[in-house]
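Novice: Handing you this structure, nothing more for now.
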Amino acid sequence: MKIIHWMTQHSGQLRIQPEILLKYICAFSLIITMSSTYADLQKKQQEIVQGKLAQWQAFGSGCRASSESPGEFVVTSIIKESRLVVQFKPHKFGLALKKGLQGVRECALRLNVEPAPKHKIKTIHARALLEATKSDGDRIRSRILLLLGDSLIARREWDLQKNEFARNRNEETVIFPEPVTMNFFKQSHCGQPQIVGIDFTFEGVRNNEKPKNLSDEKGTSTEGGGHRDEESVLRLQPSHPTTIEIVFEKCET
């Protein structure tokens, strides 16, 4: 503003035409406005609650990887306003039941989350897409646990009973903390790193008995479209990443 005032007062001495002087004034005004806007944006960014994903590790009978050795286990994280959004795609994690067998597959993911100074985790929620194919007589079930440190804050199950048939069936699971678990977040200390966990357990039992409504003597198909000799499969949908959103808040002073 001082520069514009000086140019206005001394325009005669500088022999600047009024039209050119006006352009200079407009240009300087624009620069000042942009500088002020940029400063405001920087201030707002500093005020936005943030945190970061420091490290991660996955382990279990169906997966093994880490931030140091990810292999084909893909984990990405971004800051989105007051949220840390973590997406992951384990490579071919799932359960495939052979004829007459039962099985279990597990995968536990642990995230080392570091809140920004003077902030802490407010809440967590997750979203996963499961895919199942099963024949009549088989039973498959998924269990997903959401954890903060060692504390269980939510669980969801998807249970396909023996009389249900599914082929490439998708089931979206959204996981929010139970109301009674919110004290776990309130008890966390300001700026304290936390371990956020999500556990997947897939289990199933294959039926040895032949279905009653066989279309042929070999028992290769049923009226519902199921195939007796096919594997029953339960897995994380490979083209759809599982998402965990970690929401931060400023500590009360």
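Just so it is clear, none of the values below were taken in a lab; they were calculated from the coordinates. Quick caveat: nothing in here was measured; it's all calculated off a predicted structure. We place every Cβ from the backbone using ideal geometry, glycine too, and count neighbours over all the protein chains shown.
Novice: Where does the range 99-150 land on Rg(C-alpha)/(2.2 N^0.38 Å)?
Specialist: Dividing the Cα Rg of the range 99-150 by 2.2 N^0.38 Å gives 1.76.
Novice: If packing is taken as the mean number of other Cβ atoms within 10 Å per residue, what is the order of 140-151, 105-116, 157-168, 75-86, highest first?
Specialist: Top to bottom by mean Cβ count within 10 Å: 105-116, 140-151, 75-86, 157-168.
Novice: Taking the number of other C-beta atoms within 10 Å as the exposure measure, put 174, 180, 196 in order starting with the fewest.
Specialist: Ranked by crowding around the Cβ, least crowded first: 180, 174, 196.
Novice: Still on this structure, I have one more. Within the range 109-148, find all residues whose amide N lies under 17 Å from a label point positioned 7 Å from the Cα of residue 76 along Cα-to-beta-carbon.
Specialist: From the range 109-148, the list is 127-129.
Novice: Quick one: net charge around residue 252, please, counting Lys, Arg +1 and Asp, Glu -1 for every other residue with C-beta under 14 Å from its C-beta.
Specialist: Within the 14 Å Cβ shell, the charges total +4.
Novice: Please report the Cα spread of the range 147-188 along all three principal axes, rounded to whole Å, starting with the longest.
Specialist: That gives 45, 17, 17 Å along the principal axes, largest extent first.
Novice: Label-point separation (nm) for residue 69 and residue 186, each offset 7 Å from Cα along Cα-to-Cβ?
Specialist: Each label point is offset 7 Å from its Cα along the Cβ direction, giving 4.3 nm.
Novice: Kindly state, to the nearest 0.05, the FRET efficiency for residue 55 paired with residue 178, given R0 = 30 Å and r defined as their beta-carbon distance.
Specialist: E between residue 55 and residue 178, to the nearest 0.05, is 0.65.
Novice: Give the average over all directions of the projected area of the C-alpha convex hull of the range 45-146, one decimal, in nm².
Specialist: Average projection, Cα convex hull of the range 45-146: 8.0 nm².
Novice: May I ask you to compute the full-extension gain from residue 118 to residue 159, defined as 0.36 nm times their residue separation minus their alpha-carbon distance, rounded to one decimal in nm?
Specialist: Value of the extension gain: 10.5 nm.
Novice: If packing is taken as the mean number of other Cβ atoms within 10 Å per residue, what is the order of 197-204, 50-57, highest first?
Specialist: By packing density, highest mean first, the sequence is 197-204, 50-57.
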